Amino acid sequence: MPRCIWIIDGAYLFAATPDKLDYLKLKQALERINEKEFYESYFLSSSPDPAGDSSNSFYTWLKSAPPRGPKMRVQLYQLKSMNVGCPECGNRFERQVQKGVDVGIATLLIKLAVENLYDRLILTAGDGDFEDAISYVKSSLHKEIWIAGFGHSLSADLQSYANKVIWVDDIWDEIKMV
């Protein structure tokens, strides 16, 4: 049975889910589909204060072992302020955007593959920006790639490299928070 790691783009899951998601149930469902527990699980996202937020209750819960939590390694990146203008009214405003998460995910999945710490990667992300990293890991390092995401937000570029696509929509009733 192959060693499997799971990497989550936290912002993707937060934006893509139709309602509140139970990460422990999602992990259990993916492990059931994988037919084996994950070797490691990673949750990468951004925060206004990564150092301070790393100890907030949600991230602490993500780090907690079952049955109390899903036992994930949490990596938080700084949000970046971006000054943007409205094309219609011309008003300027500041908004927070992710900085470094996609690069962190790509680096992590390549690093772990090069270190031969997994045979199968399950990536929960929807962004086609991961295409080069996924292509390298699959074609050059001969790792199996599974993509888990929602039908309305899963890049066709990622789907094209996947050995298997897990449509999270299909297991939603099993993983939603009740």
Within the range 1-17, how many residues turn out to be among the hydrophobic types (A, V, I, L, M, F, W, C) and assigned to a helix (DSSP H, G or I)? 5
Could you list, in sequence order, the residues of the range 164-178 that are among the basic types (Lys, Arg) and either surrounded by 15 or more Cβ atoms within 10 Å (Cβ to Cβ) or part of a helix (DSSP H, G or I) (or both)? LYS176
Restricting the range 83-110 to residues that are part of a strand (DSSP E or B) and surrounded by 10 or more Cβ atoms within 10 Å (Cβ to Cβ), the one modelled with the highest pLDDT turns out to be GLY85
Go through the range 25-52 and report how many residues are at pLDDT 95 or above, of a type in the set (A, V, I, L, M, F, W, C) and over 17 Å from GLY126 (Cα atoms). 3
Scanning the range 144-158 for residues that are modelled with pLDDT of 95 or more, more than 13 Å from the chain's Cα centre (by Cα) and either more than 12 Å from ILE122 (Cα to Cα) or among the hydrophobic types (A, V, I, L, M, F, W, C) (or both) gives ILE145
So which residues in the range 118-147 are part of a loop (DSSP other than H, G, I, E, B) and buried (at least 17 other Cβ atoms within 10 Å of the Cβ)? TYR118, ALA125, GLY126, ASP127, LYS143
Only one of ARG73, ARG32 that is loosely packed, with under 15 Cβ neighbours inside 10 Å, within 15 Å of the chain's Cα centre (by Cα) and either free of Cβ contacts under 8 Å to residues at least 24 places away in the same chain or over 20 Å from GLU174 (Cα atoms) (or both): ARG73
Any pair with Cβ under 9 angstrom, 6 or more apart, that starts in the range 56-68 at a residue that is under 12 Å from SER41 (Cβ atoms) and ends at one that is modelled with pLDDT of 90 or more and aromatic (Phe, Trp, Tyr): LEU62/TYR23; LEU62/PHE43; LYS63/PHE43
If LEU21 satisfies all but one of (1) closer than 17 Å to ILE166 by Cα; (2) surrounded by 20 or more Cβ atoms within 10 Å (Cβ to Cβ); (3) hydrophobic (A, V, I, L, M, F, W, C), what's the number of the condition it fails? (2)
When the residues of the range 148-163 are narrowed to those that are assigned to a helix (DSSP H, G or I) and among the hydrophobic types (A, V, I, L, M, F, W, C), which ends up surrounded by the fewest Cβ atoms within 10 Å (Cβ to Cβ)? ALA156
Pairs with Cβ under 6 Å, 6+ apart, first in the range 110-134 and more than 22 Å from TYR12 (Cα to Cα) and in contact (Cβ under 8 Å) with a residue 60 or more places away in the chain, second among the basic types (Lys, Arg) and part of a loop (DSSP other than H, G, I, E, B): TYR118/ARG3; ASP119/ARG3
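The values are calculated or read from the model by the stated rules, or taken from the named source; none is laboratory data. Keep in mind that what you see is a predicted model, and the values were worked out from it rather than measured. Backbone-built Cβ (ideal geometry, glycine too); neighbour counts: all protein chains shown.
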